[in-house]
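So the structure is just underneath, and the comments pick up after that.
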Amino acid sequence: MVTVAYRMENEKSNRESFSGTIAIFFAALGSAVGLGNIWKFPYVVGENGGGAFLLVYIICIVFVGIPVMVSEFYIGRKTHKNVMGALRQLSPNPVWKSIGIFGILAGYFIMFFYSCVSGWVYSYVFKAIKGDFVNITADSAGALFGKTVVGPFPPLVWQFIAMTVVSLILIKGVEKGIERVTKTLIPLLFVLIIICGIRALTLPGASEGLKFLFKVDFSKITPGVILSAMGLAFFKLSLGMGTMVTYGSYFTEDTNLITTSAKVAVADTIVSLLAGIAIFPTVFSFGMKPDQGPGLLFMTIPLVFSKLPFGNILLVAFFCLTAIAATTAMISIVEMLIAYFTEEKGLKRSTAVILNAIIILLIGSLATLSADKASILGNVSVFFGRSFFDTFDFISSNILLPVGGLLIAIFVGYFVKKNSVVNELSNNEQLKNRSVITAYRYILMYVTPILLTIVFLSSLNIIKF
Ligand code: PHE
């Protein structure tokens, strides 16, 4: 009865949804797979004990990542509403509104810097196609990256282009926009990353790179490393801000929320590992050191890939796949904002898309103009010595997402009726997964909140190990 009532309400409001299980899987995976897979994950794994870190990461996924993702899907599909509307429907207590407020803030803060880095990636696709990396040297790679980042005009223009692409897809709607794009591009991303991985594995000396990535070294596992694994798992799976609530609200009634979460987590981890396999053997086979973040992605990779036969084609493939990852992740963040503006503020979809693009570009330009020490605003300190760029990153990843995730876990674990959760996760008793649901609830109530509290307090240096 309840489901029928919701369906009728949805039909009345013409609310869109994804067409089926495959579309749902690729859309959610598109959100999870992002810049985090390509330059953050492989490096963090390699530096922090390889296989040993992976084990810790997988434990974090099981005890924190998947339970929070299931909870977000529960909130979304139960209500078929944007994050604010969903929380209001599930609880009259205004305290829980803060989950939505934090989520929307986090969405903006992530977009301010994410759209900037995505712009760099787009510009590298263009540069690779033009052949700018042919015969590149360490010096010219550095100079090219400097020009891309410091600008000021090129990075602003590329950020604008990236936001325009995201907006054009979003204006088309959930099924014709998000679903079509993710269903086509995510499989393509897999193909491209496998090609890059195979090429890397066939290089002489590839095993050095694999050793860097997979060698099990438990001596490197410190409390600090465990915390960074947890933070990474959270950012990677797009949790803590309502992105997955919003996507969950477009799920069909027969979607298995628990297995979907598990499949997305597994596939996302596979993409991260494939990225590491594409990157490190190549870097090591040229005797280079993997360095952190932007330097690896934007300088070392063009340098080493360009030395391979067909290197330029590989570079086009590599930056295309990175651009796909960045774009599908941005789509999910901005969709959360659009669902809020259309459903809560009554804006037309196209108006909401344009309004959000303008807000993100205006404030995001502060991130772009402060991304490097040499940028115009590079030395302006905004938050405890951090630039605009670093402030947006720090406040979203270290404060808003963990707090949002913690509140979601407590809300669904303690303040929502058990029956409601059990009914929704079993698709009204259609699925025979009672024991899995029980395990999920125990973890959500007793393990997830404790782990998340520790991560949060230590990321703010309130507790130290
Ligand atoms: N999961 C994305 C990545 O790894 C980032 C993201 C965070 C996307 C939060 C949506 C919400 O790059």
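Taken together, the values in this text are just the output of simple stated rules run on the coordinates, not laboratory data. Owing to the predicted nature of the structure, the values given are computational and were not obtained by experimental measurement. For neighbour counting, all protein chains shown are included, and Cβ atoms are generated from backbone atoms with ideal geometry for every residue, glycine included.
For the reader, a short list of remarks on this structure follows.
- In the chain, the DSSP-assigned H stretches of four residues or longer account for a calculated mean residue ellipticity at 222 nm of -22000 deg cm²/dmol, using -39500 (n - 2.57) per stretch and the full residue count as denominator.
- For the chain, size of Cβ-based charge dipole, Lys and Arg +1, Asp and Glu -1, in debye: 360
- Histogram of C-alpha separations across the chain, 10 Å bin width, %: 4, 21, 32, 27, 12, 3, 0
- Qualifying lysines (Cα of each under 17 Å from Cα of residue 40; at least 8 residues distant if same chain): 236, 289
- Once you reduce segment 57-87 and segment 109-149 to the center of their Cα atoms, the two points are 35 Å from each other.
- Most positive-pole-ward Cα, 68, 419, 248, against dipole of the chain from beta carbon charges: 419
- Segment 342-401: C-alpha gyration tensor shape, a/c 1.5 cut-off, then a/b vs b/c: oblate
- With Rh defined as the Kirkwood radius, the inverse of the mean 1/r over Cα pairs, the Rg/Rh of segment 44-152 is 1.16.
- Ordering 299, 93, 463 by Cα displacement along the dipole of the chain toward the positive end leaves 93 in first place; charges were set at the Cβ atoms of Lys, Arg (+1) and Asp, Glu (-1).
- Cα shape, segment 173-223, gyration tensor, a/c 1.5 rule: oblate
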